[in-house]
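What follows is calculated from the coordinates using simple rules that are stated; it is not laboratory data. Fair warning: this is a prediction, and the values are worked out from it, not measured in the lab. When we count neighbours, we look across all protein chains shown, and the Cβ atoms used for this are built from the backbone with ideal geometry, even at glycine.
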Amino acid sequence: MVQFSGYHKMYVFLFIFFLVFLPATRCIATNDHKFHATTHYAFYENMRRWNRTSPIKLNYTFLPEHMIQNLSLADIRLSFQRAFGRWAAVILMTFVETNDANHADIKIGFYFGDHGDGVPFDGPLGQAAHSSPPESGILHLDGSELWAVDENTLKLEGAVDLESVAVHEIGHVLGLRHSTVKNAVMFPYTPIQKRKVNLSKDDVDGIQQLYGVNPNFKPGPNWESSSCSMFMETRTCLGWSMLLAIMMVLPF
Ligand SMILES: [Zn+2]
Ligand SMILES: [Zn+2]
């Protein structure tokens, strides 16, 4: 049986150290890079948010004089219910519909062309909506769009999914600016004839920084696949570190 002297032990230690040290630095650097690459959400100046005591409850209303003929209120309501629900699932905030426009925090309406707020709509496609940061609660949709609330309408040329745009605009209303992450709902461009309703990790990280985490929030099965590879690398680092630790305590 080979007996290791103190020097041998030191060589083994150095060998293992370099074996561990090199991949470990690489994975920390990679993790760091990914960390920065995935945090591209943005806030308005001074991190504007709804300053209410937690848990925050916001009322929203559909302005009756600013609804459109070709969409039923029931369909609009459902699209927005789902959209609000997606944000409420990740932060401690509830959204309740009200008919009392005077006391509503968020006022939703469809508008055409120049509608008096200095940001005229441009007709079909182009800009489909705009909103104001906290705590104004203005959410304007372009009445000229071909709004889709179901799969069949979404197949029509130039159709824009109402729920997708609603999720994006609610993000602005809550205090998120545009993100540079393409799969984020806060990315400035919503695809035409497609749905983009799932909050990405970037959206969630951003909104949770403003309002904290909903303790019931559970990431879904497809939650950001890139974080899996990051997790794997972290695990590899841990594996090497464990091996080193075991080698250190083994009696040679
Ligand atoms: Zn407007
Ligand atoms: Zn936007």
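Dividing the mean sequence gap of close Cα pairs (under 8 Å, 6+ apart) by how many residues segment 42-211 holds gives a relative contact order of 25 percent.
Rounded if a/c is under 1.5, else prolate if a/b is larger than b/c, else oblate: which is segment 145-228, with a ≥ b ≥ c the root eigenvalues of its Cα gyration tensor? It comes out prolate by the Cα gyration axes. In this structure, the residue pairs whose Cα-Cα separation is over 24 Å, taken from Lys57/Lys155; Lys155/Lys196; Lys57/Lys107; Lys57/Lys194, are Lys57/Lys155; Lys57/Lys194. Given R₀ = 22 Å, FRET efficiency for Ala42-Glu135 by Cβ-Cβ distance, to 0.05? Calculated transfer efficiency: 0.75. The residues Trp223, Trp87, when put in order of fewest to most other Cβ atoms within 10 Å, stand as Trp223, Trp87. Spatial offset of segment 83-101 relative to segment 148-199 amounts to 17 Å, using the alpha carbon center of each. Sites listed here are trypsin sites (Lys or Arg not before Pro) in segment 144-201 whose DSSP assignment is loop and whose Cβ has at most 13 other Cβ atoms within 10 Å: Lys155, Lys182, Lys194. Here r is the Cβ-Cβ distance between His115 and Thr94 and R0 is 22 Å; the resulting FRET efficiency, rounded to 0.05, is 0.15. Arranged from fewest to most other beta-carbon atoms within 10 Å of their beta carbon, His40, His103 become His103, His40. You can think of it this way: the chain between Asn51 and Met67 has 2.8 nm of extra reach, that is 0.36 nm per residue less the Cα-Cα gap.
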